[in-house]
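The values are calculated or read from the model by the stated rules, or taken from the named source; none is laboratory data. The shown structure was predicted, so the numbers you read here are calculated from the model rather than taken from an experiment. Here the Cβ positions follow ideal geometry from the backbone for every residue, glycine too, while neighbour counts run over all protein chains shown. These accessible areas exclude ligands, DNA and RNA; they are computed on the full protein's heavy atoms, side chains included. Shrake-Rupley method; radii C 1.70, N 1.55, O 1.52, S 1.80 Å.
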Amino acid sequence: MKPLLAMLATAAGFVHLYAQAPHTRLNPVVQEIVAEISEDRIAAHLKKLESFGTRHIASDKDHSTRGIGAAQRWLHQEFSSYSPRLEVHYDTFVAKKAARVPEDVELANVVALLPGKVHRDRYIIVSAHYDTIVMSGSTPAEQEFAPGVNDDGSGVAAVLELARVMSKREFDKSILFIAFSAEEVGLLGSRDFAKRARAKKDQIEAVINNDIIGNDRAGNGHSATGVVRLFSDGPEDSGSRSLARYVKEVAERYVPSMKVDLIFRADRFSRDGDHTPFHREGFAGVRLTTASENYSHQHTITDTFENVSVPYNTRVARVNAAVLASLALSPVPPSVMTERSEGEKKTYSARIGRGQSRYDAALQWSQPEGDADIAGYIVMIRSTTSALWEKEIWVGDTKSYTLPDVSIDDKVFGIRAVDKDGNCSLVSAYTSSTTVRD
Ligand SMILES: [Zn+2]
């Protein structure tokens, strides 16, 4: 008689289920990266950024220790010191005279590229802005003391520390560490960057923007020291939402002391950030920010080192580390939509049907080229009113799967690819057909 296990194993799916280690296991490489993020380094970066006095876009460009020029040069030097594999450059653009721009001025984002070894032209971006502003109305903004330690020295400190830790290793995809300029005067640096990226048809898989991640106590005394908010714009299964779900899943697994509070909104009321232009240009872009905003320090001379929490800032940097490393090691997300071009118009339709019975959920997908180490795929399912995926079915190395007697109208379906080390891709969701202009 066959052993019971062998008999069971002949049942469809069973072999796949047990031939594979669970995909949610922790990747030791990602764990190491998370652990290496240093609180001391974050503290040192915050103090250094404060020491420039102001980083306003119209502040001194030539002074050796004060103003935006000195800050910009220090960022370049800092990135360059981490690893010869980091390719660092000034990404220049011109800000035209406007309400908050006193005169036409050439500015620069500071960009460090860690080239990927499998997908050199596919990018994961982690960003923050290094310019600051104080709005007192009495003195010209460029002359004000504008320390901007939380807004957004906290984000820049995290981006630098991530670049240091991650540039010791190699990843499948390229990672861009970006300190944007001119966020405070209209998202000028990120807008310029995102527009050019779209025009060049750059493959940007994800943008994780960090803005005000350094304090865990609000002005009214409320504190949420184990929570970070993540803002993402819709519609429901937009790239930004898919990224938001991924951040929550991965970050909470690797940094269990942190909860990622998903806010399904572009940003706070009447506010925006450097993720906004990316979402608008069709890329997946989200914002991490404190759950305890303190309005009395924002854009004031009291946004100083004294008023931030280094341990909190470090934990949010670790959230970033987990997500960036997981994304950069994971396969490219599967394609679940068919693309048809007609002149300037592109139509996307879902590769989902009702099967021969007309009562099944028949899913099909394909895998973009390049990932040689794919172990298989996971079908993700949730109800249409659920924010998070509810069910996962490991289906092995196949490009189609049918769920008998399951209505395609009543659930949301998605597919993710998993490689042999257990790294999971973003989830590609089947959505209603859409037409967009290129
Ligand atoms: Zn900011």
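Just by accessible area at a 1.4 angstrom probe, what is the order of PHE269, PHE52 from largest to smallest?
So, going from the largest accessible area down, we get PHE269, PHE52.
Can you give the local net charge around THR300? Use residues other than it whose beta-carbon is closer than 12 angstrom to its beta-carbon, Lys and Arg +1, Asp and Glu -1.
-3
Bins of 10 Å, beginning at zero and ending with the bin holding the largest distance: percent of Cα pairs per bin for segment 298-398, please.
Whole-percent P(r) values from 0 Å outward: 10, 24, 29, 17, 13, 6, 1.
Report Rg (one decimal) and Dmax (nearest whole number) for the chain, counting Cα atoms only, units Å.
22.9, 90
Per residue, how many Å² of accessible area does the chain show with a 1.4 Å probe?
About 44 Å² of surface per residue is accessible.
If you take the charge dipole of the chain about its Cα centre, with +1 on Lys and Arg Cβ and -1 on Asp and Glu Cβ, which of GLY214, THR338, GLY67 is farthest toward its positive end?
So the residue furthest toward the plus end is THR338.
222 nm [θ] for the chain, helices only, -39500 (n - 2.57) per DSSP H run of 4+, per residue, to 500?
-8000 deg cm²/dmol
Quick check: at a probe of 1.4 Å, how many percent of the accessible area of the chain sits on carbon and sulfur atoms?
Taking all protein chains in place, the chain shows 51 percent carbon and sulfur surface.
What net charge do the residues around GLN72 carry, taking every other residue with its C-beta under 9 Å from that of GLN72, with Lys and Arg at +1 and Asp and Glu at -1?
+3
Give me the net charge of GLY370's neighbourhood, meaning all other residues with Cβ under 9 Å from the Cβ of GLY370; Lys, Arg count +1, Asp, Glu -1.
Summing Lys and Arg as +1 and Asp and Glu as -1 gives -2.
Of SER383, ASN294, ALA362, which is farthest along the charge dipole of the chain in the positive direction, counting Lys and Arg as +1 and Asp and Glu as -1 at C-beta?
Result: ALA362.
Straight-line reach from LYS61: which lysines fall under 24 Å, measuring Cα to Cα and dropping same-chain residues less than 8 apart?
Partners found: LYS47, LYS48, LYS96, LYS97.
Once amide H atoms are placed 1.01 Å from N in the peptide plane, what residues at a sequence separation of 5 or more from ARG265, or on another chain, have their amide H within under 5 Å of its amide H?
SER232
Testing the spin-label approximation: label points 7 Å from Cα along Cα→Cβ at ASP202 and GLU344. State their distance in nm.
2.4 nm
Taking segment 287-426, how many lysine pairs are there with alpha carbons less than 27 Å apart, if each pair must be eight or more places apart or span two chains? Can you show the working numbers first?
Values: LYS346/LYS399; LYS346/LYS411; LYS391/LYS399; LYS391/LYS411; LYS391/LYS420; LYS399/LYS411; LYS399/LYS420.
Lysine pair count for segment 287-426: 7.
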